[in-house]
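Everything below concerns the one structure shown next.
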Amino acid sequence: MAVLDVAMQGLAVFGFLLFGVLWLMHLMSIIYVRLHLHKKRSEVKQAFVQLAGVSLLKPLKGVDPNLISNLETFFTLDYPKYEILLCIQDQDDPAVDVCKKLLGKYPNVDARLFIGGKKVGINPKINNLMPGYEGAKYGLVWICDSGIRVKPDTLMDLTNQMTEKVGLVHGLPYVADRQGFAATLEQVYFGTSHPRSYISANVTGIKCVTGMSCLMRKDVLDQAGGLVAFAQYIAEDYFMAKAIADRGWKFSMATQVALQNSGSYSIGQFQSRMIRWTKLRINMLPATVLEPVSECFLASLIIGWAAHHVFRWDMMVFFMCHCLAWFISDYIQLTGVQGGALCFSKLDFAVAWFIRESMAVQIFLSALWDPTISWRTGRYRLRCGGTAEEILDV
């Protein structure tokens, strides 16, 4: 009985600690979004590398309805000195024709097309980018995924953050306004749960970076062995960021979000992506096994039980009130990340929020069930520490 009492007291203490940590994360992310994101250029300090040359590395594979319009935004950037390095693995990829069309439309833009890649490891993105990286002529490299859409001043915003002690500038991942419930679901996730963890980690000094849009110092990457040094990992963005941090460089977040605008999306694709990301986090950071207790419904149950055990409050009433407070704070944060009016109603938000929160534990359990991942055209078996091996069909 004494052991059970101690265990119950310990769980109650854990519940109250969890309450404090999670609401501190809520507050940090909401305040950061309001103070930092979507600044006008006049509000941003001018950095010493403002006019430094930038080599944009663009990995491409396949086409979707938004590819050409997304790519075209990079040809119209308002920046005096940059080059676009379009990288495609296969000669017969339909993205080749899209690139050639844009190269012909913008002959005055410094842009080149690299076809064929270079096999240096198991990571297909790194293999694809290698010829472009080796041909880059500027000291800053900007790796930006094919589904990203930018504004004319996005590159200026990134370089404004690249101050003297900063080695990497990254954008907070978000999603462009699109039609359909699947688009709303993605927008709700990338405006609530994801930035809460992403921002609070960076604010507290934990290096949390996604590779959707990253501006980095090429000489620092070269000191770490260049792109080839990260070809053994699937999550190359995590290990590139770690290598830069290990060399004493700081990180900075752009004031503009990294706006995902893929023309191909569905609820199934969203689930598969979340499962893949969770598998990678578990593989690299074992503490990820605690991730489910940071989700609304499970956290509210634990904290509600702690409140009942200590104060004799009604557990279900506390659960409902806590979920409501979480829901409201998530809506406040989403509107801050959006930086303007949402393209869906409050009812759409409520439905998408409830479904996303309900999916969280199922996504985590699915990630634990199978250690292999499918990415692009390959399948990979993850190893402890972040490396992986390709699974070849016999």
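Quick look at the numbers
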| read-out | value |
| --- | --- |
| Residues that are among the aromatic types (Phe, Trp, Tyr) and within 13 Å of residue 360 (Cα to Cα), drawn from region 260-305 | 270, 277, 297 |
| Test set (1) without any contact (Cβ under 8 Å) to a residue 12 or more places away in the chain; (2) more than 26 Å from residue 373 (Cα to Cα) - residue 139 fails condition number | (1) |
| Search result, residues across region 55-98 that are open to solvent by less than 10 Å² (accessible area, probe 1.4 Å) and over 25 Å from the mean Cα position of the chain (by Cα) | 96 |
| Of residues in region 128-142 being touching a Lys or Arg at 6+ places or on another chain (Cβ under 6 Å) and in a helix (DSSP H, G or I), the one farthest from residue 213 (Cα to Cα) | 131 |
| Hits in region 295-326 (condition: open to solvent by 40 Å² or more (accessible area, probe 1.4 Å) and under 22 Å from the mean Cα position of the chain (by Cα)) | none |
| Residue in region 116-124 that is touching a helix residue (DSSP H, G or I) at 6+ places or on another chain (Cβ under 6 Å), without any contact (Cβ under 8 Å) to a residue 60 or more places away in the chain, surrounded by 15 or more Cβ atoms within 10 Å (Cβ to Cβ) and more than 23 Å from residue 258 (Cβ to Cβ) present | yes |
| Options 293, 289, 257; residue that is touching a Phe, Trp or Tyr at 6+ places or on another chain (Cβ under 7 Å), aliphatic (A, V, I, L, M) and under 26 Å from residue 207 (Cβ atoms) | 257 |
| Enumerated helices (runs of 4 or more DSSP H) restricted to region 155-256, each holding at least 3 residues that are open to solvent by 10 Å² or more (accessible area, probe 1.4 Å), touching a Pro at 6+ places or on another chain (Cβ under 9 Å) and farther than 28 Å from residue 269 by Cβ | none |
| Every pair of residues 6+ apart whose Cβ atoms lie under 8 Å, when the first sits in region 346-368 and is farther than 25 Å from residue 289 by Cβ while the second is open to solvent by less than 20 Å² (accessible area, probe 1.4 Å) | 348/184; 349/184; 349/188; 349/334; 352/184; 352/185; 352/187; 352/188 |
| Members of region 77-98 that are closer than 23 Å to residue 216 by Cβ and not charged (D, E, K, R) | 77, 79, 80, 82, 84, 85, 86, 87, 88, 89 |
| Total residues in region 266-294, condition touching a Leu at 6+ places or on another chain (Cβ under 9 Å), at pLDDT 90 or above and open to solvent by 50 Å² or more (accessible area, probe 1.4 Å) | 1 |
| Contacts under 9 angstrom Cβ, first residue in region 93-109 being closer than 21 Å to residue 81 by Cα, partner part of a helix (DSSP H, G or I) and among the aliphatic types (A, V, I, L, M), 6 or more apart | 99/71; 102/68; 102/71; 109/102; 109/103 |
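The values are calculated or read from the model by the stated rules, or taken from the named source; none is laboratory data. The structure displayed is predicted, hence computed values, not measured ones. Glycine gets a Cβ as well: all are built from the backbone with ideal geometry, and neighbour counts include every protein chain shown. Protein only, heavy atoms only, side chains kept; ligands, DNA and RNA dropped before computing areas. Shrake-Rupley method; radii C 1.70, N 1.55, O 1.52, S 1.80 Å.
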